[in-house]
Structures are given as C-alpha cells and as structure tokens.
Amino acid sequence: MTSLVASYPAGSAAFPHRGLVGIAGLAPHEILFLLDEAEQWVKLNRLPQKHDNRLAGLTIINAFFENSTRTLLSFEIAGKRLGADVVNMQTAQSSIKKGETLIDTAMTLNAMHADAIVIRHGSSGAVQLIADKVSCPVLNAGDGQHEHPTQALLDALTIRHAKKDFNGLKVTICGDILHSRVARSNVLCLTSLGAEVRLCAPPALMPAEIEQMKVTPFLDFDAALEDADVVMMLRLQMERMQGQFIPSPREYHHLYGLTPERLAKAKPDALVMHPGPMNRGVEIDSNVADMADRSLITRQVEMGVAIRMACLDVLTRKVRGAEGWT
Ligand code: CP
C-alpha cells in the first residue's frame, strides 16, 4: 500500500498549511499524511461508539452557499464525532440575501471566534478570499470550477483501500471536465501520487488548459477506457452551463455513458467511482453504479467522513496546542 506512515517530517512540519484551499500547493508527502491520518477514523467510524472528544470546546462553522448532501453532512458528522460544536450557517436565510458582502460575512464569522470554517461557494476563488480575511483555518468544500480538495482526498483514500498503490495506476475520468472542480483536484492529487490520469469529455466540455495538465486527453470514451484500473464518472453540471454544450442527454449517454458493455473495455477488475450526485441513465447506468463487486460509490461516501475528520483534526492542532503543533 502506498505509504502508511510515509516518511513525512515530524510534528507540524508534516502539514504546515493553515488551511485547505486546494490540492495545489500540497506536496505528495502532505497528501499521504492526511490519508494516513484518516485511517484511524475509518476504523473508529466502523465501531458502534464513534466518538473521540479531541475537538471538545471548538466551534466549527459550515457555510455552504451552494447545495450539498455528501460534503455538508460529512463535515457535520466529522466535527460532531470529534466532539466539536458544529454550526451550519443557513445561507438561504442569511444577511447575504440583504446585500451583505462575502467579506463582511467572513469577518462576522471570525468575530464569533470560530475555530475552523468550512466553505462551499459557487465562485472560484471565494474560499481563498475568505481564508485571507479570517484568523482560523478555512477548509474548501468546493469553490466554483476551481477545487474540491477533500473530495480528491477521499477519492485517493478509496482508491488506496481498493488498489493499494498509486504508481502507474491508470485512472480514467470522464464527463463534464470543463466545469468540474472534482476533476481538477483529482488530477492534481492522483498525478502527485504517481497515477496516470486520462481525461475524457466531448470537445465542448474539455478545458482549454488541458495541455498544461499532466494528463492524457481523450475524446473517444472507448479508447480512454482501454486498460483502465479505475473509471471515475462525472455528472453534467447543467447549473454551470450557459448555452448548449451537448446535443441532448440521450446523445451524451450514447457516446459517454458508462454501461456494462463499455466497462468491459477496461481491465477486468476495473473499479467504478462517482463523486455524486449521479444522474443515472445519463453519465452512468444503474447496473454499473450498483455493481456490488465493482462500484466504490458508497465506499467514497464512507471515506468522506474519515477524510474530513482527519482534515479538521490536523488543521486545528495548533489551536488546541497539540504536541509538536504549537
Ligand atoms: N461530491 C459532492 O461534493 O457531493 P455534494 O454536492 O452532495 O456535497
């Protein structure tokens, strides 16, 4: 297995960052450190009693300005399992609706002495803007088309559990690459760990900067699947599309939908992933998504809680005066 207890530096030098805005800027050993830290939480979460009180007395604010099921709930569960007071800001009923700026909102949360703020926002760069204004760690729960770092970390943890090693692993990511912060963070994370990443999308949904990414681009899904160890499917992000990017969902499914016949073009033991939410019958068929022996989709959700516990624990160690982190 790629590093359980990699050779990372001791104490706070193992993860010297104040927050987690993106995978960009993280060294491979820092990514592995977070994955290794998450292993204890995978074990704890499988026990009937799932509590560890190390964040007792700390306040974590989840401020989600975009819809979420998995990320919001798993951050809330993660904070509560670690004993923190977790507050979910009701952004639809917040003073943002009265015209308050994002920066004034951030300053308000800061004045309440939050010990960590988790933010999802529709604008790329919004999380960095807030991180620059507040004194506590900020965790990016997805900002526009930019990054979704905890998704990439949970995906890496899921892959590591199933495949042990990242080196030379062929990962095909297919779907709406252009609008996908999940794809962006996964490319950075998986290539940093030694995997070979292929990105597949129709021409209109392939980002212009593909040439600068350390990936192989494909327009033909069948070719992108050849010899793949992992197939990660992404949904069409209609909410970020202005204009017509695909002829129709039916046509899209015909060319880019993952069916059992298509999956047969990958390695016989290739595994299927999807960050969710899924649009069954568009990018993925139900009889692939629900394959008991090949689909990791519910496992990804499980790993999401463990990764978010690891991130909250590591990033609040300084606040808590944990040994080696002051
Ligand atoms: N994968 C993901 O970010 O899902 P949610 O939008 O439900 O949080």
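Every number here is computed from the coordinates shown, using simple stated rules; none is lab data. A quick note: this is a predicted structure, and the numbers were derived from the prediction, not measured. Here the Cβ positions follow ideal geometry from the backbone for every residue, glycine too, while neighbour counts run over all protein chains shown.
A compact table of results
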quantity	calculated
³J(HN,Hα), Karplus 6.51/-1.76/1.60, whole Hz, each residue of the range 182-189, x for Gly, Pro	5, 4, 4, 5, 5, 4, 4, 6
Hz values of 3J(HN,Hα) by residue in the range 84-90 - Karplus curve (6.51, -1.76, 1.60), Gly and Pro given as x	7, 8, 10, 10, 9, 5, 7
Shape of the range 162-314, Cα gyration tensor, a/c cut at 1.5	rounded
Pairwise FRET efficiency - Lys214 versus Ser68, Cβ, R0 = 22 Å, nearest 0.05	0.15
The range 249-326: GluC sites (Glu not before Pro) in DSSP loop, at most 11 other beta carbons within 10 Å	Glu323
Full-extension gain in nm, Asn167 to Ala27, via 0.36 nm per residue minus C-alpha separation	48.8 nm
Tensor-based shape of the range 166-229 (alpha-carbon gyration tensor, a/c under 1.5 rounded, otherwise prolate or oblate)	oblate
Percent of beta bridges antiparallel (DSSP, the range 40-175, rounded to nearest 5)	5
Order of Phe75, Phe65 - criterion: other Cβ atoms within 10 Å of each residue's Cβ, fewest first	Phe65, Phe75
The chain: most fluctuating residue of Thr108, Thr316, Thr298 per GNM, C-alpha cutoff 10 Å	Thr108
Size of the chain as Cα extents on the principal axes (Å, biggest first)	53, 47, 39
Amide hydrogen neighbours beyond the local backbone of Phe218, cut-off 5 Å, H modeled	Leu199, Cys200, Ala201
For Lys170, residues with placed amide H under 5 Å, excluding near neighbours	Glu196, Asp229, Val230
Per-residue [θ]222 nm for the chain (sum of -39500 (n - 2.57) over DSSP H runs n ≥ 4, rounded to 500)	-10500 deg cm²/dmol
Projected label distance in nm at Ser7 and Lys43, using a 7 Å step from Cα toward the beta-carbon	2.5
Listed residue pairs exceeding 21 Å between alpha carbons, taken from Lys43/Lys163; Lys214/Lys265; Lys43/Lys164	Lys214/Lys265
Added length on full extension, which subtracts the Cα-Cα distance from 0.36 nm per residue, Met291 to Lys318	5.4 nm
